[in-house]
1. How about region 295-325: which of its residues are within 17 Å of E275 (Cα to Cα), basic (K, R) and within 41 Å of the chain's Cα centre (by Cα)?
2. Of the residues S4, S21, which is modelled with pLDDT of 90 or more, closer than 27 Å to S108 by Cα and of a type in the set (G, A, S)?
3. Can you find, within region 201-219, the residue that is surrounded by the fewest Cβ atoms within 10 Å (Cβ to Cβ) among those that are free of Cβ contacts under 8 Å to residues at least 24 places away in the same chain and either under 19 Å from the mean Cα position of the chain (by Cα) or outside the structural domain of S243 (by TED's automatic domain parsing) (or both)?
4. Do any residues in region 1-29 that are over 24 Å from E169 (Cα atoms) have Cβ atoms under 9 Å from those of residues that are of a type in the set (S, T, N, Q) and assigned to a helix (DSSP H, G or I), where the two are at least six apart or on different chains, and which pairs are they?
5. Filter region 135-192 for residues that are more than 9 Å from the chain's Cα centre (by Cα), small (G, A, S), surrounded by 14 or more Cβ atoms within 10 Å (Cβ to Cβ) and assigned by TED's automatic domain parsing to the domain that holds R206 and give the result.
6. Which members of region 25-82 meet the condition of being in contact with a helix residue (DSSP H, G or I) (Cβ under 8 Å, 6 or more places away or on another chain), under 27 Å from L152 (Cβ atoms) and among the hydroxyl-bearing types (S, T, Y)?
7. Filter region 239-259 for residues that are of a type in the set (D, E) and either at pLDDT below 65 or surrounded by 13 or more Cβ atoms within 10 Å (Cβ to Cβ) (or both) and give the result.
8. Of the conditions (1) of a type outside the set (G, A, S); (2) over 20 Å from the mean Cα position of the chain (by Cα); (3) modelled with pLDDT under 95, I11 satisfies every one except a single condition; which number is it?
Amino acid sequence: MYFSLKRFRLILPYLLKTRKSILIRGKHGIGKSEIVKQIAEEYGYSLLEKFPSQMESGEVSGIPFPNLIGDRKVTSFYPPDWWIECCISPKILFLDEFDRAYPEVRQSFMQATCSREIAGHKLHSESFIIACVNSGNHAVDYQVNTLDPAELDRWFVIDLEPTVEEWLEWGASNVSPLVLNFIKKYPYFLDHKGSYEQDMVYPSRRSWKCFSDILSVNNLQISKNNLDIIDGISESLLGYEVSVAFIDFLKIVLEQNLTDSIINSEEISNIQKIEKIDKLFELNVFKKQLMLNEAQKIVEFLFTCPGEILMNFFHKFSSLKTNEEIKMYNAQILFSICQVNKKTLGKLIAENSFVEKEYLEVETTEYVHE
């Protein structure tokens with residue numbers, strides 16, 4: 001069973017009190033290393049990070065030197081400096097990518113994870129070890145060495161899989177609002193699900209954060225001129241499929257921004273209201289399916305207009321030459337919003353016959369306009 005971040009944090013204080021080593025397993029890019037750094041900060045620990053995949057066994061077990069015990073010559077070992085640091089003061093010894101280490105290096109750590117000792121030097125009573133790996137349920141997707149049962153028996157094993165909601169909560173202060181809104185709408189694009197094809201680029205939470213940082217650092221605003229740039233960056237980090245979806249999303253956002261720029265809440269004259277309605281039709285806003293929030297803003301604007309301007313709007317709408325399904329969809333969503341707000345325009349439409357009856361499958365109630 002997988003641990004959400006919330007579930008892991010629930011038991012974490014109890015694990016830390018035992019000082020037994022913690023092994024966090026999970027897919028790449030889900031934030032395992034970041035979580036360890038957060039733990040160190042939250043619990044007031046200094047973090048000492050090592051990459052066993054870059055080490056030889058002697059760098060763990062120590063370097064031999066000749067010594068005397070009484071009158072007998074013996075071989076002793078100088079312990080590594082990083083281990084002594086963890087023995088002198090409380091630290092989190094963080095072993096990242098532990099399953100990419102050579103088997104003999106991992107074996108050198110077995111004494112450390114079992115008896116908290118290397119070369120006769122014990123860890124400080126408040127120090128402990130955390131390691132992160134990609135093996136476990138996802139081992140088939142990675143070039144890693146799986147840990148055997150005897151090794152796993154020395155760890156608290158946490159199969160971590162933070163939820164989309166947890167990532168969005170974290171991202172609220174760490175990720176571009178544009179990226180957050182995309183993931184909220186299409187949560188299945190946050191991580192790749194299923195098997196990985198060789199040499200293909202897929203999205204991960206880490207690559208989304210990197211993509212967001214690039215947008216922010218370069219101050220890349222949403223505009224038609226920047227679409228090709230954003231497309232190239234997103235494809236290189238997130239893969240072709242996600243890039244296509246993200247650019248389509250940006251185009252929708254641009255259309256919504258266009259509607260927002262035309263319709264706003266400022267006090268304007270009736271002549272300006274007529275000009276705004278004309279602009280909506282000139283820019284073909286109603287020739288594509290309206291988004292819900294876009295339709296809501298249009299309805300809010302219409303209710304600021306007097307009856308004669310409303311008649312002009314519905315005349316233009318009914319005369320619009322576009323796909324009939326899109327036209328019916330937009331009519332229904334506009335008038336359903338009117339009904340929810342108890343300000344249905346149905347009576348006005350029925351009296352003036354500006355929209356054919358089949359476009360409006362809602363009951364007409366009273367329209368009140370001061």
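The values are calculated or read from the model by the stated rules, or taken from the named source; none is laboratory data. Please read these numbers as outputs of a predicted model, since none were measured by experiment. Please note: Cβ atoms are built from the backbone with ideal geometry, for glycine as well, and neighbour counts cover all protein chains shown.
1. Once the filter is applied, which keeps residues that are within 17 Å of E275 (Cα to Cα), basic (K, R) and within 41 Å of the chain's Cα centre (by Cα), region 295-325 yields only K297.
2. Numbers: S4 fails: closer than 27 Å to S108 by Cα.
Going through S4, S21 in turn, just one is modelled with pLDDT of 90 or more, closer than 27 Å to S108 by Cα and of a type in the set (G, A, S): S21.
3. Here is the first cut: in region 201-219, the ones free of Cβ contacts under 8 Å to residues at least 24 places away in the same chain are 213-214, 217-219.
Then keep just the ones that are either under 19 Å from the mean Cα position of the chain (by Cα) or outside the structural domain of S243 (by TED's automatic domain parsing) (or both); that gives 213-214, 217.
Details: D213: 14, I214: 17, V217: 8.
So the residue we want is V217.
4. Listed pairs, sorted by first residue: K20/T113; S21/T113; L23/T113.
5. S176, the sole residue that qualifies.
6. Y43, Y45, S53, S57, S61
7. Step one: of region 239-259, the residues of a type in the set (D, E) are 241, 248, 255.
Scanning region 239-259 gives E241, E255.
8. (3)
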